[in-house]
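K.L.:
I have a structure I would like to understand better, so I am pasting it below and will then ask my questions one at a time.
The values are calculated or read from the model by the stated rules, or taken from the named source; none is laboratory data. Remember, it's a predicted structure, so these values are computed and weren't measured experimentally. In this analysis, Cβ positions are derived from the backbone assuming ideal geometry, glycine residues included, and neighbour counts consider all displayed protein chains. Protein only, heavy atoms only, side chains kept; ligands, DNA and RNA dropped before computing areas. Shrake-Rupley method; radii C 1.70, N 1.55, O 1.52, S 1.80 Å.
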Amino acid sequence: MSANSAEAPTGVDVVLVKAGRTKIRYAGRLLHDDGTRLAVRAPWAGAGVRDFGFVRFEAGDVFTEYYWRDRWYAVKEVRTGTGVLKGWYCDITRPAVLTGTELVVEDLDLDLWRSADGSDVRRLDEDEFAGSGLAERDPEAAAAAVAALDELERLARGEGFTDLLSSPGRPQ
């Protein structure tokens, strides 16, 4: 489905896999799929509140999630239920795979946070990534993951981050 399609957005199950197991599965609405990038909107699917210290994810929050079939990351725009932008949580992942209505994404442990005003950009879970053994099991994937984190950090600290999400057909 493309952004210009007359079709209504459809339901999709987002499946986040980590170390070969399903970490979380949740329902979302497919907003856009241009064959390379997909956009999904979903409410916060976690149990209770997740307080990272620099941001809280909680009931009522709405995530507009961007996935790529050719990139090693996903970018999740986080807003309160009233529409106030909290920021962007970025997962380093293998490229997304959509089969039917199931969107599968493999989490590779590295993450990045960018606050709404761009003043707080932080790399997350590098110790978890180092301890995952991915570099030994799959050195090419580990190198792609680190390169993806470096690219996202560079974009998040510069002008190109929101351009990443505002390409033609960006859902509003």
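K.L.:
With the other protein chains left in place, how much accessible area per residue, in square angstrom, belongs to region 36-172 at a 1.4 angstrom probe?
P.N.:
47 Å²
K.L.:
What accessible area, in Å² to the nearest ten, does a 1.4 Å probe give for Lys18?
P.N.:
Counting only protein heavy atoms, Lys18 exposes about 50 Å² to solvent.
K.L.:
Something else about it: Under a point-charge model restricted to the Cβ atoms of Lys and Arg (+1) and Asp and Glu (-1), what is the dipole moment magnitude of the chain relative to its Cα centre, in debye to the nearest 20?
P.N.:
460 debye
K.L.:
Have a look at Arg37, Arg137, Arg94 and tell me which one the Gaussian network model of the chain (Cα, springs below 10 Å) gives the largest fluctuation.
P.N.:
Judging by the Gaussian network model, the answer is Arg137.
K.L.:
Report the label-to-label distance for Arg29 and Glu102 in nanometres (one decimal), using points 7 Å from each Cα along the Cα→Cβ vector.
P.N.:
Taking the simple label geometry, Arg29 and Glu102 are separated by 2.4 nm.
K.L.:
Which length gain, in nm to one decimal place, applies between Asp150 and Ala116 when the Cα-Cα distance is subtracted from 0.36 nm times their residue separation?
P.N.:
10.3 nm
K.L.:
Considering the convex hull of the alpha carbon atoms of region 117-157, report its projected area averaged over all viewing directions, in nm², one decimal.
P.N.:
2.9 nm²
K.L.:
State the percent of C-alpha pairs, over all pairs in the chain, separated by a distance greater than 27 angstrom.
P.N.:
Of all Cα-Cα pairs in the chain, 22 percent lie more than 27 Å apart.
K.L.:
Something else: Note down the accessible area of Thr22, probe 1.4 Å, to the nearest 10 Å².
P.N.:
Accessible area, nearest 10 Å²: 90 Å².
K.L.:
Further question: Under 10 Å, Cα contacts only: if you run a Gaussian network model on the chain, which one of Glu128, Glu102, Glu153 comes out with the highest mean-square fluctuation?
P.N.:
Glu128
K.L.:
Okay, next question. In whole angstrom, how far apart do the alpha carbon centroids of region 23-41 and region 45-93 sit?
P.N.:
13 Å
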